[in-house]
Structures are given as structure tokens and as C-alpha cells.
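This report concerns only the one structure given below.
The values are calculated or read from the model by the stated rules, or taken from the named source; none is laboratory data. Everything numeric in this text was worked out from a predicted model, so none of it was measured. For neighbour counting, all protein chains shown are included, and Cβ atoms are generated from backbone atoms with ideal geometry for every residue, glycine included. In case anyone asks, the SASA skips ligands and DNA or RNA and just uses the protein heavy atoms, side chains included. Shrake-Rupley method; radii C 1.70, N 1.55, O 1.52, S 1.80 Å.
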Amino acid sequence: MFENYPILSLITFIPLAGALLLIFMARVSSVEAQEQLSQNAPRVALVISCAVFFLAMVLTFDFDSTKPGFQFVETTKWLGGGIDFRLGVDGISILFVLLTTFLTPLCILASEKSIVSRKLEYMVAFLILETLMIGTFVSLDLILFYLFFEAVLIPMFIIIGVWGGKNRVYASYKFFLYTLLGSVLMLAAIMWIYSYSSVSLGAASTNIEVLINELSIPKQTQKWLWLAFFASFAVKMPMWPVHTWLPDAHVEAPTAGSVILAGILLKLGGYGFLRFSLTLFPNASLELAPLIFWMSVIAIIYTSLIAYRQNDIKKLIAYSSVAHMGFVTMGIFTFNIQGLQGGIYQMLSHGIISGALFFCVGVIYDRMHTREISNYGGLVKRMPIYAAFFMLFTMANIGLPGTSGFVGEMLTMIGAYQVSPWIALGAAMGMIFSAVYALHLYREVIFGEQKNPDLDDIKDINIRELIVLTPLAFLTILFGVYPSLITDITSVSVENLIINFNAATALNGN
Amino acid sequence: MFNTITLFAPQLVLAFFASQLLSTGAFAKKNISIGVRNFSIFVLLGYSLIGFVLGQPTGTAFKGALIIDNFSHYMNLIIGLSAAAALALSKSFFQIEKLDRFEFSILVLYCTLGMSIMVSANTLLALYIGIEMQSLALYVMAAFNRDSLRSSEAGLKYFVLGALSSGLLLYGASLIYGFTGSIEFTQISEVVSSGASPGVIAGMVFLLCGLAFKISAAPFHMWTPDVYEGAPTPVTAFFASVPKFAAMALIARLLVGPFEGIVSQWQQVIVIFSVLSMFIGAIGALVQVNIKRLMAYSSIANMGFALVALSAGTETGVKGMLIFMSIYVVSVIGIFACILQMRIRDGMVENINDLAGLSRTNRSLAVVLTIFMFSIMGIPPLLGFFGKFFAFIPAIDAGMVWLVVLALIASVIGAFYYLRLVKIIWGDESEHDFVEAPKTLRGIALISSLLVFPVLILPLVSIPTQSLISRAASSLF
């Protein structure tokens, strides 16, 4: 249906065009009109992001999930020297595009009231961020991928640094420099691949398809390159022990910033592992998989325990994100279909659940302006609807059957069990711990006695918040009871990935 | 004869009008600095474009003393345009500071003439003449605010250290002449490729040291922060941009011309310069509070990055250097156009904390400066990233992955202080308002920020630009 239309470019660049439109309108309008514009900016941004979500839905319906390989491919000459502007989606990336376009309108809706100063700039930053995130998932050129991947730092730095909490400067610095240091190592590796491709393939290329199918990198070098990519993705994931930027960034970021951070930015790392580490460096992946397993298990257990000790709600959820990302890395590096499917499923479901949890924190933060667990308690009497939503997402976070969290964790553990029962056992321990901290949080905040007198006149969620939380709740349950909605789309691409992986590792005598 | 004139037309235009304007200014009854400046800007624009208008003739002039090739055409273009921009920047500053003398424009013209000889030099003598012509003008420009202690100090410091570097350079040139028996690059190249004696190598090292001083590469960078800080800001803008590029181009011509036979010898020297510059620049900048000193250290670091490209000694290396330096020059001019807007009612401010809260008081300046900071940090999709990308690829091709990793780590360290600026602009509470900046400054800041904004990586623009630069680079080989 879209053979002749650059639909991926449209989806990617409509938010950017919207951002430019807002900037332009701000420049031409008079001072009084600017106030008005600043009030209306969230609505404009909402319309734009909804349109993008609609396009992404159309794209998904038109996507043929029975075909492996990339679809809707667009190629334009770009920098020359084998570096082209190439976009395309396969069964893995299309879901992340959908997730991004789904969460962004919700974020914009949620920030409409909670952001007071410089609304227009905030919306511009968010729309640019959306373009960059979608671009990361759809780009089929290594340099283009890096461009989007790295550029995400700019709006995110500004969102945390300008609209963040008290300690925002420290957090935004830490976020920026941590991820930058990781990414520049990947950049070195990308440059090496670019340079190597001209020797090995005859013509330099950064076309991902060409690199995956034709480039064969010597085993010893693969390890170095793998480590360089790993440095970047591990920081982004974030994996233990380079996760320390995440709690700080989460705590200081505004609600919507946290949602995007947990919901999508953390997935860039996992997506990178799937797209690049497994396909470009299969031998190194196989060889270094034990490293990933142990790091994942440590992440799952250790950060779950840390999460239990937190006094700050956002920090607790941030640590729980690190633990859940541990399941993702574990699943991806099992190299079997359950593990990979589970890893992808876990990423999507975590995107929805953690996003929802941060929205929930945002709801009470907007009313009370504190995130201390001890300041809450007994909310169930004042905010029954809120308590119900929070309950659902807490259960999903634990991985209760019937919610989407269960499917992802279950699948990754099945995958891991085939590789090593010990790993699966460690991960299962982590699931228990996750119940410990999540239930602890829920009990302290929602149940118990109401000690804080300020809570007396707290209001239950309003319509806007209901609109934000309902779709998330719906999807959490839908994906919990009907997982094949997702797995059907991903399965062919995942199988294809595994076939290629096995062929590559068998070829090199492993 | 006519052939020589066509070849030499850009330089002739400059020389003729510079002398004309000088005598006009000297005999004029009243201060005609505004007219001279405007006319000089036109002359510079004409100079930059005339080579292309004449169809890019190539060949040697004056019995081989100068060589005009696509490389010099490209360099003339960039030098002329950025010198014109730097001159346009100076207008409001000198008027408000009551320093507006017509000699400044003439000095810029002569300096540009020196640089255009540098980039076309084909003998050691032409090289020296070009460098000295450029430097003498720069010394005077540094001390242009002669009633200010800092400015005079900057000029004197620059002059003394510049004389030292000229000494090194001449000593190197004489060694090379002594051991090869020629001052012509082509003949030196022949002698060197058939086996270089230690004398030639020593001469080459001296020559490179002298030139390293001109690009302020570490360990010859000491003058940079003081001179940048002391000189009047428009002069600093000029210092930081054009002469750096010209000297870098001269180094490129030397390395792949006369010394192409001894790559392994000069590679070590360039790599040492490069690593030292990157780290001294990046770490030195961390503690600076004066924005001009910050830019000085930043330029030291950036010269290190450009040298990474050159260290490969290949055609892509030269191309990478040209791309990197072109982007660098555009950014520097833009950043200085922003710095020159930092004027409160009492005069110019130079402390970076004076930028606090800029995003509230002057949003467009804040956005423009932020774009520059992220660009010079090397964050995609801004142009600075592509500069670094094309500069580092050749080094990877040449097998120097470690050098590139070091360069990338240095740029992460560098990111810290650029981020500090962004933080101050967007995060801190404002202390004072800047007065409304003149149109020229805002215009130049806007144009250059649009240039580093990813407009230039659109395929429509990137492909012709790259082919222009490729042709320039390949003409050296």
C-alpha cells in the first residue's frame, strides 16, 4: 500500500516538522500572543504526536509479518562514500516504533499541567526527541543509526537539566557524560567497521543489511568491536555496574522525561544488542555471553535488593527498571527463540509498565510535590481509582500471570533455562525480590494509616490522568492474556536472526 | 606572463586594493574607517571567488615559487569568506570601544594576502614570506587596542614567541636546503624519497615545530590563552579561525608534498602534537572562567583533532582535515559572533557566568550558542560530529585506532566544559540583561548556526561540497 510513499520518513520527521513549526510560530508572534501560544503548544504537540501514532498504526497493519528482512525500505544518497540515508523496519523494530509513538502523546498529555514554565520549549524538545527515537529504530545505516542514537542526548539533557528537580544539573551531567563515553567507544568501532568494509567488501559501506549479510570480521577483532558496542549499549540499558546514572536521572527528570527514559531510551540498548551485537559479531556474542549472563543475574538480584531500601518512589522504580532490563539482556544472549522473543516482549511490556508507574508517581507528585515514601500512606481511602491503577501496574511489575510482565519474564527464563539452569534460578530469585520491593512500595504508599495531614484533601485522578492511564492498563492486560499479538509480528524476524546467527557461528568453527 | 596573472589573480586583487586603501586612508582628511571596512569586505569576497570565476586555472607561477591548484582555490575560498565574516564582526565592537581605525581592515587584508601565499607556497622561501606577512599583521592586530595593558601585552607576547617560532622555522628550512640542495618542494620531495639524511629529518622537525606554534598545537600552545584573552575580541575571532586553517593547510601541503617519502618519520611528530593538544586543550579548558580563554583551550584541542586526520598522510586524511577545519572555522566565527553580543550597559563581559539565564533574557542567542556548543562537542546530528567523523576515519584506515580512541576520550572530557556553558545558559538565574546586539552580529551568528545545523548534511548540499573538497585534497597528490 505504501510502496511509493516514504511513510517511514514521514513518521520520523513529522514530529521534527512540528517542532520547527512551533519554533517558527514563537518567533513570528508578538509578546502577548506568545503567552497564548505557550498555553496552546501542548495541544499542537498532542495533535502532531497523535497523527504520528496513527501513521505508525497504519504502518503496522500494512506490515507483512510473514516476511523476514526489512520492509518499507527507503534509500537516498546522503554523505557519499557508501553512507546512505536508509530507513526500513522489520518485525523487531516496528514494535519499538509503535511503542515510541504510543508513549509520546501520553507524555505530552501528562505534562500539560505539570510543566509550568517554558511550555513551548518543552514541547519542542519532546517532539524532537520523538523524531530521534523513531529514527534510531528505523535507520538501516550504521552512521545514521549512530546519529539518531547519540542525538537523543541533546533533548534529554535539556529536558532533565531545565525542567528537572532540585539536583537536576548533577543528574543531567551524569546522564550525558556517562552515555557519551559509552557511545564514543561505539563510534570508534563503527569507524573501524566502515574502514574495514572498504577493504573487505571492495567498497566502503555502512548499510546494515550489507554489513550483516556480507561482512565477516575476524574473530579476535570481533571481540574488541563487540566490547566497544557493549560499552555503549550497556550504559544505555543500563546494565550493572554502569547503571548508576539511571536513578539520578529518573529522580530529577520531570514525569514525562522519566516515562520516556524508562519506556524508550532504555530500549535503545536492548535494540542495539539485537540489531548489531548478535548479527555483526556472532562469534564474540557467543563467547562473551556468560559475561552478560552473570551481569544480568547480578543486576536482577542486586538492584532488586537495592530497590527495597529506597525511600524515594522514583528511585525505587528506577532500580526496578535496571532489574527488569537484566531479564532482557539475559534473554537476548540465550540465542534461542524463547529467550529472544522474551527479551523483546519484556522490553515492550516494561516500556508500558514502567511508563505507567512513572505516570502514577507523577500523579501524586503533582499534588504533593514529594517523592518520599514516608510522606504517603493510606492513599486508598482518598484516591480509590488511583489505588486500583497503581495496584494493576505494581502487579504487572512483579510479573503476575495475566499481565504483560509475566510473559516476558517467563519467556526469558525458559530461554535461559535451556542454556544454564543456574542462571534461570538466579533470575527466578530476582522475581521474588521484585515482589518484595513492589509490594513494600504499594503497602507503604497506598495502604496503612494516613499519617501525613497534608493528604487530607488530596484528590483522586482527574479525567486527563484517566485518559493517560487507561490505555496503559488496557495494554498491560491485553498483552498479558494475548501475547501472540506481539510474538506473531516478531517471530519471523527473530527466527531469521537465529538462523543467521547459528550459520555464522557454525561457519567459524564454534 | 598573462598566464601568471590569471593564476595569481586572487592575490593580485588583495595586494592592489590593500595598498590602494592604505594610501587612501593615510591621505584622507577624516576617519574613513567605515568605508574602508565595507570596501575591504567586498575585496575579500572578490578574492575568495575570483579563482572560481576564472574557471579554477592551475599551474605554477613565478618560476615555481607558487603553485595554484584546486587546493589553493578551495583554501582561498574559505579564507576569504571567513576573513570577510571576521571583519564584519569587528564593526560594532570597534565603534563602541572607539577604536575604529581604518588600519585594522588593511591589516586584515595584508594578513589574508600572507595566508593566500602560504596556502600556495611551493618553495621554502615562499612559505616563509607568507608566514611572516601573515604573522606581522597579526602581531599588530593583537596589540591593536594600544591603550590597554592587556592588549599590548598580548601583542608583545605573541611577537616574542612568534619570533622564536620563526627562528625555528628558518633553522629547519636552512637545514633542509643544506641537505637537499633545493628550496623547491618538488625537488626536495625527489631527494627525500630517495633516502632522507638525518639532517633533513631534523630540518623537517624544526619546520613542523615552527608551524605547530602557528596552529597553537601543544607543546607550542602557551601563548594562545594569554593572547586570546588580551587581544580585542574581534581580533581573537580572527586569530581563532582563519590563520589556524591556513597554517594547517600549509602543514598538509608540506607533509604530503616534500616529505611524502618519510611518512613514518613525520607521523610520530604529528601524533605527539595531536595527542598532547587534545588532552592539554580538553583538560586546560575545564577550569577556565573567561570565555575567550575557554575558546583558546578549545581551539588547542580542536587542532589536535585536525592533526589526527593529517597523521594518516593519505588523501582521505587531507580531505578529512579540510572538512574538519572548514566546520571548525564556521563554528568559531559563529561562537565569537555570540561572544561579541555579550555586552551589558557598562561594557563587554567575558566571564562565562555572565551568560547565566540567557535563555530567559535572550532566547535566540541562547539557542544559537547551544547549537554551537553541541556541535563543537561533536554530538550528531550537528555538523561538528561529521567533522570529527571525517577527520578520524583516515586514522582508522591507517591502522591508528588507538589514536582515534584517545581523540574520542578527549572529546568526552571536552564535552564537560561545553556542557557547563549550556547549563549556565539554560539552568542558572540571570544576573543581567545584555543590550540589544547590532544586526551584523546577530546575522552572522544566525548564518553560521544554520550552517552547523544539519542543513549541510542534506544530500543536496553535502554531495557537491564533498566533491569540491575531494578535488582540493586530491590535487595535492
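Which distance in nm do the two modelled labels at A:THR370 and A:MET25 give, with both placed 7 Å along the Cα-to-Cβ direction?
Calculated label separation equals 3.9 nm.
Calculate what fraction, in whole %, of the accessible area of chain A sits on carbon and sulfur atoms when a 1.4 Å probe is rolled over the protein chains.
Answer for chain A: carbon and sulfur cover 65 percent of the accessible area.
Would you mind giving the mean number of other chain beta-carbons within 10 Å of the Cβ of each residue in A:167-177, as a whole number?
Neighbouring Cβ atoms belonging to other protein chains average 3 per residue here.
Rounded, prolate or oblate: which one fits region A:1-147, using the alpha carbon gyration tensor with axes a ≥ b ≥ c (rounded when a/c is under 1.5, else prolate when a/b beats b/c, else oblate)?
prolate
Taking R0 as 45 Å, what's the FRET efficiency between A:SER198 and A:ASN452 from their Cβ-Cβ distance, rounded to 0.05?
Between A:SER198 and A:ASN452 the formula returns 0.10.
Which residues' amide hydrogens lie under 5 Å from the amide hydrogen of A:PHE70, considering only partners 5 or more residues apart or on another chain, with H built in the peptide plane?
For A:PHE70, whose amide H was placed from the backbone, there are no distant partners under 5 Å.
How many Cβ atoms of partner chains, on average, are near each residue of A:152-165 if near means within 10 Å of its Cβ?
For this peptide, the per-residue mean of nearby foreign Cβ atoms is 3.
So which lysines pass the test for A:LYS459, namely a Cα distance under 16 Å, with those fewer than 8 places away in the same chain ruled out?
Answer for A:LYS459, where 16 Å is the Cα cut-off: A:LYS113, A:LYS381, listed by chain and number.
Could you compute the FRET efficiency for A:ARG43 and A:TYR170, with r as their C-beta to C-beta distance and R0 at 30 Å, rounded to 0.05?
Between A:ARG43 and A:TYR170 the formula returns 0.35.
Using alpha carbon centroids, what distance separates region A:5-42 and region A:380-401, in Å?
Answer, in whole Å: 36.
Could you pull out every one of the aspartates and glutamates with an alpha carbon less than 12 Å from that of A:LYS236, ignoring same-chain neighbours closer than 8 positions?
A:GLU150
Mind checking which aspartates and glutamates have their C-alpha under 20 Å from A:LYS223, skipping anything on the same chain fewer than 8 residues away?
Result set, ordered by chain and number: A:GLU214, A:GLU287, B:ASP397.
For region B:156-262, what is the relative contact order in percent, using Cα pairs closer than 8 Å and at least 6 residues apart in sequence?
After rounding, I find 36 percent.
Given points 7 Å out from each Cα along the Cα-Cβ axis, report the B:VAL263 to B:ASP428 separation in nanometres with one decimal.
Going by the 7 Å Cα→Cβ label model, 4.8 nm.
For region A:175-293, what are Rg and Dmax over the alpha carbons, in angstrom?
Cα-based Rg and Dmax for region A:175-293 come out at 15.6, 49 Å.
What is chain A's relative contact order, in percent, from Cα pairs under 8 angstrom and six or more apart in sequence?
RCO, chain A: 15 percent.
Net charge around B:VAL191, counting only other residues with Cβ within less than 14 Å of its Cβ (Lys, Arg = +1; Asp, Glu = -1)?
-3
Output wanted: per-residue J couplings in Hz (rounded whole) for region A:412-429, from phi through Karplus 6.51 cos²θ - 1.76 cosθ + 1.60, θ = phi - 60°, x for Gly and Pro.
Rounded to whole hertz, the list is 5, 6, 4, x, 5, 4, 5, 8, 7, x, 5, 4, 4, 5, x, 5, 5, 4.
Take chain B, mark every one of the GluC sites (Glu not before Pro) that falls in a DSSP loop and has at most 11 other Cβ within 10 Å, then report the longest stretch left between them, sites excluded.
After excluding every exposed loop site, the longest remaining stretch is B:1-428.
What is the packing order of peptides B:243-253, B:191-201, B:385-395, taking the mean over residues of other C-beta atoms within 10 Å and listing the highest first?
B:385-395, B:243-253, B:191-201
Considering only DSSP states other than H, G, I, E and B, which trypsin sites (Lys or Arg not before Pro) in region A:451-489 qualify as loop sites with at most 12 other Cβ atoms within 10 Å?
Within region A:451-489, the qualifying trypsin sites (Lys or Arg not before Pro) (loop, at most 12 other Cβ atoms within 10 Å) are A:LYS451, A:LYS459.
How large is ³J(HN,Hα), in whole Hz, for each residue of region B:113-130 in order, when computed from phi with the Karplus curve 6.51 cos²θ - 1.76 cosθ + 1.60 and θ = phi - 60°, using x for Gly and Pro?
These are the phi-based 3J(HN,Hα) values: 4, x, 5, 5, 6, 3, 6, 10, 4, 10, 9, 5, 5, 4, 4, 5, 4, x Hz.
Using only the heavy atoms of the protein chains and a 1.4 Å probe, how would A:LYS381, B:LYS214 rank by accessible area, largest first?
Most to least solvent-accessible, the answer reads A:LYS381, B:LYS214.
Just to confirm a number: summing +1 for Lys and Arg and -1 for Asp and Glu over residues other than A:VAL363 whose beta-carbon lies under 15 angstrom from that of A:VAL363, what do you get?
Computed value for this residue: +3.
On the full set of protein chains, 1.4 Å probe, figure out the accessible area of B:VAL43 and give it in Å² to the nearest 10.
Approximately 10 Å² of B:VAL43 is accessible to the 1.4 Å probe.
As a test of reading the structure, rank B:LYS439, A:LYS314 by solvent-accessible area (1.4 Å probe, protein chains only), most first.
Ranked from most to least accessible, the order is B:LYS439, A:LYS314.
Which far-off residues, 5 or more places away or on another chain, put their amide H under 5 Å from the one on A:TRP78, with H placed in the peptide plane?
When sequence neighbours closer than 5 places are left aside, the close amide H contacts are A:PHE85.
Mind running the shape call on the protein assembly as shown? Use the C-alpha gyration tensor, a ≥ b ≥ c as the square roots of the eigenvalues: rounded below 1.5 for a/c, prolate if a/b tops b/c, oblate otherwise.
Note, shape of the protein assembly as shown comes out prolate.
Over what distance in Å are the Cα centres of region A:407-486 and region B:265-301 separated?
50
What is the Cα centroid distance between region B:59-138 and region B:338-415, reported in whole angstrom?
Using only Cα atoms to place each centre, the spacing works out to 26 Å.
Which entries of A:LYS174/A:LYS314; B:LYS63/B:LYS319; A:LYS119/A:LYS314 have Cα-Cα distances beyond 19 Å here?
Pairs exceeding the cut-off: B:LYS63/B:LYS319; A:LYS119/A:LYS314.
Quick one: 3J(HN,Hα) in Hz for region B:381-389, Karplus 6.51/-1.76/1.60 with θ = phi - 60°, rounded, Gly and Pro as x.
Using θ = phi - 60°, the values come out as x, 6, 5, x, 4, 5, x, 5, 4 Hz.
Taking square-rooted eigenvalues a ≥ b ≥ c of the alpha carbon gyration tensor, is chain A rounded, prolate or oblate, where a/c under 1.5 means rounded and, failing that, a/b exceeding b/c means prolate?
In terms of gyration-tensor shape, oblate.
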